[in-house]
Each structure stands twice: as C-alpha cells, then as structure tokens.
C-alpha cells in the first residue's frame, strides 16, 4: 500500500535563525511515485523530510499522509505512529544489533511466526541474505546502506523518506545502488521522497523533482522538464552549466544547456553571434568559453559555455554563430 | 491562541517533559533559596561585615589565586611533556598524573598536618631574632603556603586532564609548521600549543577554583578561614542562620558571575579550537639530560599530590588499623557505601531522564531549566547543604501542621537520609548529566530517530537503543558520582542524621580530635576506591577515544 504525502503552506523557522528553513511550502508527493528534493545546502530539503517524518514540528501549515492530517494546528501524530520509513545519510543502523535484528526491529506488528520470513525476504531483496548474523560494522558501506533500505521497507511503510542515501558512497557503488533502489521502490509501488544535493541522482531516480531555494519551492516537474526548462538561473545552474538567454523580441528569458547550443553557419539565420574567449580540449570535446552579443544588450551578460566536436581549430578572438534549440 | 496552547500541550507535554520539569524545579529550589537569601541580613550581619567578612573574602581570593598559580605549574608543562615528547616513564606518568584526584583535599590536609610543627624551632628563632610581628607573618606564610601547595597537588589533575586532551588533539601539521619555520620546541609551545590549549586550560582551572572554594576540611585544619569556613562559623558558632545563608548567597552569586565569564570566554574561543586530527602529535625523543629534567618535572606534582599522602596513609594505617577497625567502623563503611550506591542509582536515573528529554523535546525552556538544575556542581557543598536545610525546614513545618490536623505521627525530613541524598543530587547532578548529554549527541546521532520512525515509543527507544549503546558511558558516569559522594565532606557534616557517620565524616572527626594517624584508615579506603575508579575510567576513555 502506498500513500501520498502533502505539504500545505508549511512553514518552519529554527530558533536563532533569521529566515525560515522552509517557507509556505505547497508540495505533493503522489502515491507510488518518487519525488526528489534538490537544492543547495541550507535550502530546506532535509527539514521538509524531517517534517514529514514527524522529527520536526511545523510552525504553521499542515502535513497530510494518505489524505489524513498528521501535523496541523490541532493534530500531532508522533513519528512512531506515522507508518513512514526513513533512510538516513549515515544509515543510522543500530550498532549493537545484527543485520537480521536491525530488520526485525520495526516488525513489532508482524506476527512472530511470519517475522523470520519477512526478514529473509527483505534481506534477500537487497542481496544480504548471507549476512543476517553480521553486525553493521562488519559490513561495507554499500552493504550497510542496503541493510538500511531493507530495515526501512520491511514494516511495509506507507511511504519512504531517503535523506542523502548515497552521499557516503563512491561513484560506481552509488550508481548501482541508485538503480537497485529505484527498481525496488517501483516493484513495491512505494511513495518516496528523496533528498539529494547530487542532481544526477535526482534525474536518474525520480518521477518528479522539486527545486528548493532558500526554503521556497521554485519549480516542480518531471526530470526532463526541470532540466531542460529551468524556472530560473538558480534551478538552471543546480543541474550543471547553463547559458543565459535574455528576453529577445518579447520572448521569455531562458537558460540553455551547452549541449543544446550548436555552433553553426551564420547563413542559417536567427543565430546568436559569439566571440571566443578561451578554448580547452577535455578529450571528449572542445569546451569553448564565449561572449554572446545580443541586439539589445541584457543588463547582465554572462559568458556562455559551448561544446564543439569540430576538427577545425578554434582560437580565442574567433567569431562564431550559435543556433538555438530547434533552429539548427 | 487556544489552538497554539492546544498544539503546545499535544507536542511538549508528556511523561518525559513533565517529570523533567518537576525534578528540575525540585533541584533548583535549594539553590534559589540561597540566592534569594542574599536579601536578608541576620542579627549578627553587621558584626560579621565589620570584623571577619573581609578576612573570609581575602583568604578565599588569596588561596584561590595561589592554588591556581601552583596548579598551573604542576599541570601544563607536564601535559605538554607527555603529549609532545618521548622519555622513559612517559606512558606511566601519562595516566598516574590523573591519580592525585583520588585524594580528597581534607585527606591531603591530614597527611601534611604535622609539617608546620616541624617549622616551630625555625619560627622560634625568627621570633627571637626579628620580633613577634615577623614571627606571626612567617608562621602564617608557612601555613598558607603549605595549604596552597598541597591543595594544588591534589587539584592540578583537573587542568592536566583538559590540557593533555587539548594538546593531543592539536593538529600535527600546525605544530610541525611552527617547527619548520625555525621555532624551537619551547618557542613552539609558547607561540602555538599554549594559545590553542588556553580554552581547555581555563575550563580545568575553573574546576580547581570551585574545589578550592568548596573545601572545608583542609582550610579548617590549617586555620585559614575562607567563606565556606565562615558559613560553618556563622551558623554553628554564632547561631545566625540568615547571615550564613547570606554568605552562601555571596559565594553562589560570585560563582555564577565567574561561570558566565568563563562561558563567554569559551564561547568565543570555540571557533579557534582545532578539529580532531587523524594524525596525532609525533613525539620528539628527549636527550638524556632533558629526559631526566622531564621525569623530575612530572615527579614533583605526583609526589606532592599522591605519593607522599599515600605513603603517610599507608604507614599510619598499618600502625592503627587494629584500633580503628571496630564493628562500629565497619558499620560506617556499610552506611557510606549504601548511601553512595543508592544516591548514585537515583542520580544516574535522573541524569538519563534529563539527557533524554533534551533529545526528545527541543524546548529551549526545558533545556535551560536542565542547565540551571546542574549549577549545583559550582556551589560548595556547604552552600547546597544550607539551601536544602532551609527548604526541608519549611516542608517540615508544613507537614508538622498537616499531621497535627490529621492526627498523624510527626516526621522530620530535614534530619533524615532523604535530605542528605537529595543534597548529593543537587550538588552532583552535573557529573553524570554532562557525559550523558554529550554521549547521546555523539553516539546516538540519528539512531533514536530511526527507532521512532520504525514505530517504537520514546520509552522503548530509550530502553532498546540509547541505554544499550551508552552502557559504558553510563557506568563511567555512575562511577564518578559514586566516588564523589563517598568522599564528600562539608555537605555531609551539615546534613547527616544524628549518630550517622560516613567514611569521610569518620576520618574528619578523628582528625579534628587530634587522632590524625587513626584517620588514615578511613582516608585510605576513600583514596583507594577513588583510585580504582579513576583507573577504570581511564581505561574506558582510552578504549573509547578515536
């Protein structure tokens, strides 16, 4: 069974801080889908997660799980009654319990006779069936995080919260664990909110991405939309280099990904002329830093990053033309 | 408004916060009574302030200054030597320099009691040569000087422990950078290591000061009337309770001001403190001559604070144990141990309650209250005892009138073991609360959050997660409390029920009767218990250090 998680006008300010950690947030994690929260450090991602878990109290607003309020001006459901699973950044495995005992910890509602089966099933699901008697310190980083997944999912929570679950892992392990977790969550049809500062994780795992900037939600959408059509410069730069295109002839301002800007022939028409400032060969392609010139100079004109696979040499001072998406 | 109150009650009011609130208020009451007592002058106050008050204050400040200076000399160079250099016996000194803490100040006074007598021939010569005024000055100098010396000898480990911890956590790179910039080891110490360790040294020093002000036994035996001695004289000598409370209030307010200053100092300095480095200081091997000097430097405080008192106690005990070890004395041991044990259990339970409630409720009010309730560690035992006595005196009269109305037999709490146990709780709560608070924050991290999310109540989480994980910290904290209670003197003298003796009061009673050699037997038991406690604690801390 999976349930939606809704935030309605949720606000939270920590003592001794001068701005809210989250400010009037309206957000829904749809049932059975994975929602990723991305943003810079201190943007309020983890606070939103802890609010859903019941580890923090909202100052105002309400939080609903499966359409029932769990925190509002009259209701307060403590964390142990919310039927939520959570995976912590450091795993938060109980060091004095074995892998099997860690998984069993949340199974107090499961009848004794089926507990062993449940433990076996979830340890097998994360590939740790042979490690049931090991203690957390006897497992590798990846195994520990897998055990945390099994422990969180075994009580069959209504939703799962993941707080930077891959941040302590090396890149290769990170990718394989990310794929495994996505497969498991999809198979179990579990609602999940994942907090990550790594936007690659968010793009790879989530059905929806919410961008947080200084406690406010600035954009919510499917990964491709958030990546291709960022709502502002903050959202654009969060996912990698972005070239700012000011409002031209009444069209809205945009941020373009370098891979969407093609160096082309001036005759193609409707191109942006740029002057090359520096060139660097990265092995995969040539990276060009160039200054665009617009008919009507924008108040803040930033340099662009372009990629080129051309074999002909490009040098600083060269004049090039860039075709915009859909115009090359 | 109604919904805000409703919300507050739903989130903040539970068994944990309510019991913490009640216990904290109960513990704060005697301390508050003492501070409020500042406003009331007793009948003898004018006499006291005209005659002895400034002697009390002068002696307290003078003694604190002398002990601080000597304790710094006995602690800081030694801490630097065992942290930064390699020499024969270094490992032994590293942990034995902590052991003088096992010798209570009044036991050290027993060991050094006969010293001024040895100076009598010299003093007579001074009198005959320079006159009575010089004689009096010389006699006082010897007494005060000796008192300062052995008090520093048993209290310096407070500074040594924190300084050593600070030196051993300093980043190797910083020290090595100073050395590669051409600084000698001595210059490196003064220009880099010492400034970095200053906050830790000040923290240790503040504990030394509190112990000096707390002391009653040693200053009494050496005839140096400090403010604490003044409380005893005013209450039991002059019979002026209100003025005694006022003296206690003066000490309490001065200590609170000092703590606030120290806190402000540490608050700024925290940013300057280095993080724990995985690369510890690499110790430089000392040449033969330098190694001999290092050994002597470490041996001096160890001799003053531990070896000499221990030698005295052992010699005297072998001479007198058959006289002292009577069935009465065995009963005193049983009393002492039982009282300390039961109080330790209650104190540890309260400390767990406080530390856990702080984790459950991020309430500034509750946390603040918890901190105020642990202020008793700064208050001298005599001050706490007075607060407790006044508080229970008031409750006694209330219950007396109640029992008269109801026709029940009368019961006095103020003369009972309950009062003394409660006073120990007020005085020593900080001892287990601080390590438990730190332990919960450091070791438990998000583990109890994880347990709650997995459906366990706060109580089950405490029982299944926090307590098993913190078992070592709890045992270590309880042991510290046990040793502190076992050796406590001034509070016990004031509050013990009639004919009830502990090891500490037995030792002090024998000493004040002039039976110093017999007092060695109970003293030795206290010192050995404390020493074993410190050794176990040292092992535990070494095992748990990163």
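Summary of computed values
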| read-out | value |
| --- | --- |
| Only one of A:128, A:153, A:177, A:139 that is more than 12 Å from every other protein chain (Cβ to nearest Cβ), buried (at least 19 other Cβ atoms within 10 Å of the Cβ) and at pLDDT 90 or above | A:128 |
| Selected residue (only one of B:463, B:496 is more than 11 Å from chain A (Cβ to nearest Cβ), touching a helix residue (DSSP H, G or I) at 6+ places or on another chain (Cβ under 8 Å) and either surrounded by fewer than 22 Cβ atoms within 10 Å (Cβ to Cβ) or in contact (Cβ under 8 Å) with a residue 12 or more places away in the chain (or both)) | B:496 |
| Residue within the range B:470-489 that is more than 28 Å from residue B:384 (Cα to Cα), within 14 Å of chain A (Cβ to nearest Cβ) and surrounded by fewer than 20 Cβ atoms within 10 Å (Cβ to Cβ) present | yes |
| Some residue of the range B:367-381 being surrounded by fewer than 23 Cβ atoms within 10 Å (Cβ to Cβ), out of contact with any strand residue (DSSP E or B) (no Cβ under 7 Å at 6 or more places or on another chain) and within 14 Å of another protein chain (Cβ to nearest Cβ) | yes |
| Boolean, residue B:231 is buried (at least 24 other Cβ atoms within 10 Å of the Cβ) and part of a helix (DSSP H, G or I) | yes |
| Failed condition for residue A:64, given (1) closer than 27 Å to residue B:470 by Cα; (2) surrounded by 17 or more Cβ atoms within 10 Å (Cβ to Cβ); (3) more than 9 Å from chain B (Cβ to nearest Cβ) | (1) |
| Filter result (under 9 Å from the mean Cα position of the chain (by Cα) and farther than 21 Å from residue A:189 by Cβ) within the range A:30-46 | A:38, A:39 |
| Filtered residues of the range A:67-78 (kept if surrounded by 23 or more Cβ atoms within 10 Å (Cβ to Cβ) and farther than 13 Å from residue A:11 by Cα) | A:70 |
| Subset tally (residues that are away from chain B (no Cβ under 14 Å) and crowded, with 23+ Cβ neighbours inside 10 Å) for the range A:156-174 | 1 |
| Verdict on residue B:409 being more than 14 Å from chain A (Cβ to nearest Cβ) and under 30 Å from residue B:260 (Cβ atoms) | no |
| Residues (crowded, with 17+ Cβ neighbours inside 10 Å and facing chain A (nearest Cβ under 8 Å)) located in the range B:447-457 | B:447, B:449, B:450, B:451, B:452, B:453, B:454, B:455, B:456 |
| Whichever residue in the range A:79-99 is at the interface with chain B (Cβ under 7 Å from one of its Cβ atoms) and free of Cβ contacts under 8 Å to residues at least 60 places away in the same chain and, among such residues, is nearest to residue A:163 (Cα to Cα) | A:92 |
| Helices (runs of 4 or more DSSP H) within the range B:1-102 that include 2 or more residues at pLDDT 90 or above and surrounded by fewer than 17 Cβ atoms within 10 Å (Cβ to Cβ) | B:15-36, B:53-84, B:90-96 |
| Cross-chain or 6+ apart pairs with Cβ under 7 Å, the range B:423-449 first and over 19 Å from residue A:87 (Cα atoms), then surrounded by fewer than 17 Cβ atoms within 10 Å (Cβ to Cβ) | B:425/B:346 |
| Residues (in a helix (DSSP H, G or I), within 18 Å of residue A:188 (Cα to Cα) and in contact with a helix residue (DSSP H, G or I) (Cβ under 8 Å, 6 or more places away or on another chain)) located in the range A:124-144 | A:125 |
| Residue tally, condition more than 9 Å from every other protein chain (Cβ to nearest Cβ) and within 25 Å of residue B:448 (Cβ to Cβ), over the range A:100-111 | 6 |
| Single match in B:339, B:259, B:286, B:281 (criterion: at negative phi and modelled with pLDDT of 90 or more) | B:339 |
| Failed condition for residue A:73, given (1) out of contact with any strand residue (DSSP E or B) (no Cβ under 6 Å at 6 or more places or on another chain); (2) over 25 Å from residue B:464 (Cβ atoms); (3) away from chain B (no Cβ under 12 Å) | (3) |
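The values are calculated or read from the model by the stated rules, or taken from the named source; none is laboratory data. Predicted, not measured: the structure shown is a model, and the values here were computed from it. Please note: Cβ atoms are built from the backbone with ideal geometry, for glycine as well, and neighbour counts cover all protein chains shown.
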